[in-house]
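Working notes, structure below.
Here, each number is a calculation from the coordinates, and none is a lab measurement. Quick caveat, the model's predicted, so the values are computed rather than measured. Here the Cβ is made from the backbone with ideal geometry for all residues, glycine too, and neighbour counts use every protein chain on show.
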Ligand code: HEM
């Protein structure tokens with residue numbers, strides 16, 4: 001899609017798309033202007049069936065309150081303490097495929113890692129993890145053929161998964177009310193701002209949001225990173241020799257192959273962006289994947305440059321809704337690549353493989369990424 005964004009940024013940087021009934025915004029400065037102005041560009045939107053209002057779809061002042069509460073639970077300490085566990089889970093996943101010399105990065109590695117990490121963060125016992133994987137797959141599923149029947153079927157599956165998750169979390173919450181534990185749900189239940197506490201329902205919706213917002217995105221970050229390493233064997237060799245470059249590598253993967261391509265808002269009043277008059281109530285789609293390749297912001301934007309500094313990509317959004325899970329996603333991405341570099345070399349896409357993109361214009365990733373490799377340890 002990137003050559004298309006480059007063209008649209010030049011020809012129609014802000015355009016109204018009649019077929020989708022929304023505005024598209026392609027330049028860095030315009031995307032930035034939309035995201036930093038929640039008063040003019042609201043995050044509130046029509047909710048899907050069974051979808052509850054969450055932090056993601058709130059505007060100030062409610063958003064500030066909710067965000068301060070969850071920030072208290074999602075602290076750098078909580079995230080950093082997960083480091084050794086993430087490394088151990090990563091090793092376990094690699095242990096089970098290493099001797100074969102080949103694996104599917106998506107299914108064997110990049111899908112299970114974030115699911116297991118979130119399950120642990122929420123304090124879900126290991127024997128229930130497979131349930132979590134199934135539920136979280138359904139939550140992010142989109143219809144693939146676009147027939148009415150398939151659409152209804154996907155909606156039904158999502159309703160079922162949400163109901164099951166709600167029942168599951170209700171059970172967990174009632175256990176946690178009687179014992180003191182340090183998992184995220186227990187911390188959320190205890191946290192308080194100006195005498196305000198989260199209701200059980202709010203804790204449940206937030207936990208479900210974490211599954212929906214954190215799993216597929218991190219899966220694609222890891223897969224896109226490995227994809228980049230197979231496209232550039234020299235870079236692969238360099239990272240294996242200088243693992244201290246891995247954080248910069250992950251930032252550049254985020255800019256170059258962003259898992260989330262675009263972010264939606266609704267105009268609350270008539271407002272001008274990039275010389276176009278947007279009307280109150282209009283939908284506005286900000287293409288961060290295009291902003292990340294804007295030549296007025298990044299030198300040689302179509303080149304993958306490990307030394308890029310600063311690297312002010314917008315892949316985690318910007319402003320008040322900036323991704324809450326960014327530190328966790330970065331940590332998982334870094335550990336995943338570090339472990340692969342420690343234990344594998346000559347990682348290559350298996351020959352004759354035709355990559356299948358994930359069928360959503362807003363997600364950048366592939367369905368499978370089968371590689372061959374040699375083992376180091
Ligand atoms: C918000 C991307 C991983 C939880 C966002 C937003 C983006 C984003 C673009 C802003 C949405 C908006 O402005 O409307 C990503 C990417 C990830 C990732 C690319 C992986 C590479 C995670 C993880 C978690 C998470 C691991 C949690 C475990 C959230 C939450 C919000 C959010 C709760 C809402 C924050 C708010 O509305 O204040 N993410 N995300 N994300 N993300 Fe992430």
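Quick one: work out Rg over Rh on the C-alpha atoms of segment 215-341, Rh as Kirkwood radius.
On the way: Rg = 16.6 Å, Rh = 15.9 Å.
Here Rg/Rh amounts to 1.04.
Order these by the 10 Å Cβ neighbour count, fewest first: 21, 42, 207. Don't skip to the end; give the middle numbers.
Details: 21 9, 42 19, 207 22.
Ascending Cβ contact count within 10 Å gives the list 21, 42, 207.
Given the options 208, 353, 273, state which has the largest fluctuation in a GNM of the chain using a 10 Å cut-off (strictly under) for Cα springs.
It is 353.
How many nm separate the modelled label positions at residue 175 and residue 17, each set 7 Å beyond the Cα in the direction of the Cβ?
4.4 nm
With a 10 Å radius around each residue's Cβ, average the other Cβ atoms per peptide and rank 290-296, 222-228, 6-12, highest first.
Numbers: 290-296: 21.4, 222-228: 23.4, 6-12: 14.7.
Going by the mean number of other Cβ atoms within 10 Å, highest first, we get 222-228, 290-296, 6-12.
Can you sort 286, 191, 174 from fewest to most other Cβ atoms within 10 Å of each residue's own Cβ? Write down the numbers at each step before the final one.
On the way: 286 28, 191 17, 174 10.
Ordered from fewest to most neighbouring Cβ atoms within 10 Å, 286, 191, 174 come out as 174, 191, 286.
Across segment 1-125, what fraction of all alpha-carbon pairs, as a whole percent, falls in each successive 10 Å bin from zero upward?
Pair shares across the bins are 10, 22, 24, 29, 15, 1.
Hey, how many Å between the Cα centroid of segment 279-339 and the Cα centroid of segment 88-125?
25 Å
If you count, for each residue, the other Cβ atoms within 10 Å and average over each peptide, how do 146-159, 115-128 line up from highest to lowest?
On the way: 146-159: 12.4, 115-128: 17.6.
Going from most to least packed, we get 115-128, 146-159.
Please give the calculated 222 nm ellipticity per residue for the chain, where each DSSP H segment of at least 4 residues contributes -39500 (n - 2.57) and the sum is spread over every residue; nearest 500 deg cm²/dmol?
Working: 14 runs with 186 residues, N = 377.
Using -39500 (n - 2.57) per qualifying helix, the result is -15500 deg cm²/dmol.
I need 369, 318 ordered by Cβ neighbour count within 10 Å, fewest first.
Values: 369 25, 318 21.
In order of increasing Cβ crowding within 10 Å: 318, 369.
What number does segment 161-244 give for Rg over Rh if you use C-alpha atoms and the Kirkwood radius? Could you put the intermediate results ahead of the total?
Details: Rg = 19.6 Å, Rh = 16.0 Å.
Expressed as Rg/Rh, it is 1.23.
Principal axis lengths of segment 1-59 from Cα atoms, whole Å, largest first?
Principal axes ranked by extent give 39, 25, 19 Å for the Cα atoms.
If the viscosity is 0.692 mPa s and the temperature 37 °C, what Stokes-Einstein diffusion coefficient in µm²/s follows for the chain when Rh is the Kirkwood radius over Cα pairs? Display every interim value, and only then the final one.
Values: Rh = 21.9 Å.
My calculation gives 150 µm²/s for D.
In a GNM of the chain with a 10 Å cut-off on Cα contacts, which of 102, 62, 338 has the highest mean-square fluctuation?
62
For a quick check, take a GNM of the chain with Cα springs below 10 Å and name the residue from 48, 33, 262 with the largest mean-square fluctuation.
Comparing 48, 33, 262 in a Gaussian network model of the chain, the most mobile one is 48.
Hey, could you get me the Stokes-Einstein D for segment 285-358, Kirkwood radius over alpha-carbon pairs, 25 °C and 0.890 mPa s, rounded to whole µm² s⁻¹? All intermediate terms of the calculation are to be shown ahead of the outcome.
Details: Rh = 15.5 Å.
Translational D for this selection: 158 µm²/s.
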